[in-house]
Amino acid sequence: MAEISEAQDSDSSKLLDSDSKAPQRPDSEPEFDPKLMRKTKPGLKRLFLTFSVLFSFLLGFPFLWKSVEIYRSPLPFREIDSLSTQLRSDTLLFPLHFHALFVGFDSDPDRLRRSILSEITKLTSQNPKCSENYTLSVTVDLGSRCLQGPTSSPHSSSYQCGSVTAADFVQNDDVAVDEMLASVFGGKTKEYSVAVVKGGSERAVVGKYRHAWMVVGDGSDVGMAAVKVAEVLVKVFINGGREEGLIRNEFMPVGADGKIVLSFNLLNADPRDWVYDWDFEKIDDTLLTPMIEALGPVANISVESQVLYHTPKASFSYWNQKLESYVFSTKDLPFFVNSNEWHLDTSIAAGGRSKILQFAVYVPSAKECPLLLQLPNGEISKTNGFISPMWGGVIVWNPQGCLKDSEFKPSAKNIIPIQDLENMFEVFIGQFRQLFGFKSLNVYWGASGDWNLLPSERGFTEWELDVLSRQHTCFNLHSCATTLGSLSRLVQSLPRMIIKDEIGKQVKLSLEAAKLALSNASSGVYESSAASSSQARSLAEDAFFHPSIMSVSYYSFEHCFAVYSPFFLPVSMHVVLAALRELRRYKQEKAKYLVWKAKANTAT
């Protein structure tokens, strides 16, 4: 124990010696705490390096955002909404100018005008989308002088007094009368005229231009004539001879791109019996080309033809001993077209959104020839054909070899006689008219009487083309506005949708064409309005169904964040946290330095 105490005494003596040797702190020097103070100013090197890495990330973010950016051509959303609002709120009005001429009547024109307008108002049906803004002028030709009603009208007729007399209607040559009235009423303005002539054999005819005439007896009532005039103006010139007024959409066989493809097919059921061909080019030049040119403002029509073999029908027929023919009824029509054997192919140009109408001439085999179509009333069809809505039409043509007493000898190849071919294509034109909603018969049965309708060499009369143009313009403009409105809502709801410059150009051109169609329609230029409206609808459909819009890259911003965050978020978080830690360390070290400097200043 004595040794341990001696060792402790020696250690304590050494500590005292070392303390005595340490330098003494001057009284003016402040007390230094290394945990709270530092004598040197903290450097900026670490802070600069850390924030340079952070800024490099921040500077690279715009480049990353630009690399994943979706190009969007600017679309005129306000103009699209304006067009939709205009067509939805305001009814599209087509101006119509009517003129009634009374020859041989001593009546007040203003009174006749009020009577006709009253009847027109009763017969006119209001359409919420499109309607007619009509004006009426009445002329009473007394031979020596004429009375006008109203006297001050901006749309008064340019009729020359005495141009039409009762002697012009003595002969029952309606074609000559039609041409005569065309020279009298045919002016620069599109005016629908009705001439009422007293004297001669009673008849009522609607010409192939824009006028009609009615011959009444000497004792006829002018009031009944006024009623009949109002009926022909509304039911024929406005509605096109249809009870429902405007053509329903399903009866407009025009594609969304404004094109129609007419495919004519000659079907030889069994070539072992006979093979027939046709001179289609001649028929195309004489019958189809004038009709296609007449319908040019309404639709862009192209024609194709082909001859097929081994094309039996899908329905059955039975032998009728009384008619000595094979008969198929209207109940068999849904099964007549054999889609498995009738390969009614069309060219590549007929693809897309074009409407394809098939017209087939069916040549039956010897086992079922002659083949006749029996109507529900038991009579045999005069045309021996039928139509299928929105598909086309079929005509059964029985060759001469079907007749028992015929001296026909089948050869390797026969040609259908040109007269039979013309008759068949006249039936095809009638079927084509029915697909547009017009009647195939040239008679209109009205409530106040019947009217004979003169046919046109072009298949459609001028007033029928006007009806189609007005209806086509109305339907196309509303369809264009609906399509552009849907595209606008779709684009605004998907911010990541690709909108190419081509789509923006198509939308702008569609709006321009729609505005031009509205201007032409309000001015009464029906052909131009129909052509412009068809172009507007076609461009709107092209923009809506553009291939780039159907891309799979319509991901939202949340999807983009979910894809790139696993790659950049972990690194970015570490860089940001490191920068914050370094900034906090720098502030702490600078605070220590400021504390030491403050104490040093106090001590001095």
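The values are calculated or read from the model by the stated rules, or taken from the named source; none is laboratory data. Keep in mind that this is a model prediction, so the values were computed, not measured. Counting neighbours? That spans all protein chains shown, and the Cβs are built from the backbone with ideal geometry, glycine included. Side chains included, ligands, DNA and RNA excluded: accessible areas come from the protein's heavy atoms. Shrake-Rupley method; radii C 1.70, N 1.55, O 1.52, S 1.80 Å.
Give the percent of DSSP beta bridges with both residues in the chain that are antiparallel, rounded to the nearest 5.
In the chain, approximately 25 percent of DSSP beta bridges are antiparallel ones.
Please identify every one of the chymotrypsin sites (Phe, Trp or Tyr not before Pro) in the range 454-562 that sits in a loop by DSSP and has no more than 10 other beta carbons within 10 Å of its own beta carbon.
none
Can you classify the range 403-548 as rounded, prolate or oblate using the Cα gyration tensor, where a ≥ b ≥ c are the square roots of its eigenvalues, rounded means a/c under 1.5, and otherwise it's prolate if a/b beats b/c and oblate if not?
oblate
Can you list residues from other chains, or at least 5 along the same chain, whose modelled amide H is less than 5 Å from the amide H of LEU453?
Here the answer is VAL206, VAL443, TYR444, since their amide H atoms fall under 5 Å of that of LEU453.
Counting helices only, and only those DSSP H runs with n ≥ 4, report the 222 nm mean residue ellipticity of the chain as the sum of -39,500 (n - 2.57) divided by its residues, in deg cm²/dmol to the nearest 500.
-13500 deg cm²/dmol
As a quick test, which of the pairs LYS313/LYS413; LYS122/LYS382; LYS331/LYS413 have an alpha carbon distance above 32 angstrom in this structure?
In this structure, LYS122/LYS382; LYS331/LYS413 lie more than 32 Å apart at Cα.
With all protein chains present, calculate the accessible area of ARG46 using a 1.4 Å probe and round the result to the nearest 10 Å².
Surface open to solvent at ARG46 totals about 140 Å².
Set the Förster distance to 45 Å, then compute FRET efficiency between GLU457 and PHE316 from the Cβ-Cβ distance, nearest 0.05.
0.70
At a probe radius of 1.4 Å, what is the per-residue accessible area of GLU341, in Å² to the nearest 10?
Number for this one is 80 Å².
For Cα extents along the principal axes in Å, pick the label among (i) 96, 61, 57; (ii) 107, 51, 40; (iii) 164, 75, 39 that corresponds to the value derived from the coordinates.
Computed from the coordinates, Cα extents along the principal axes in Å corresponds to (iii).
Taking the mean number of other Cβ atoms within 10 Å as a proxy for protection, how do you rank 569-575, 109-115 from highest to lowest?
Ranked from most to least packed, the peptides come out as 109-115, 569-575.
How much FRET efficiency would the formula 1/(1 + (r/R0)^6) give for GLU512 and PHE77, where r is the Cβ-Cβ distance and R0 is 22 Å, rounded to 0.05? Show your work: numbers first, answer last.
Numbers: r = 16 Å, r/R0 = 0.72.
Once rounded, the FRET efficiency stands at 0.90.
Pull up the cross-link candidates among the lysines for LYS590, meaning alpha carbon to alpha carbon under 21 Å and not fewer than 8 places away within one chain.
Output for LYS590: LYS35, LYS39, LYS41, LYS45, LYS599.
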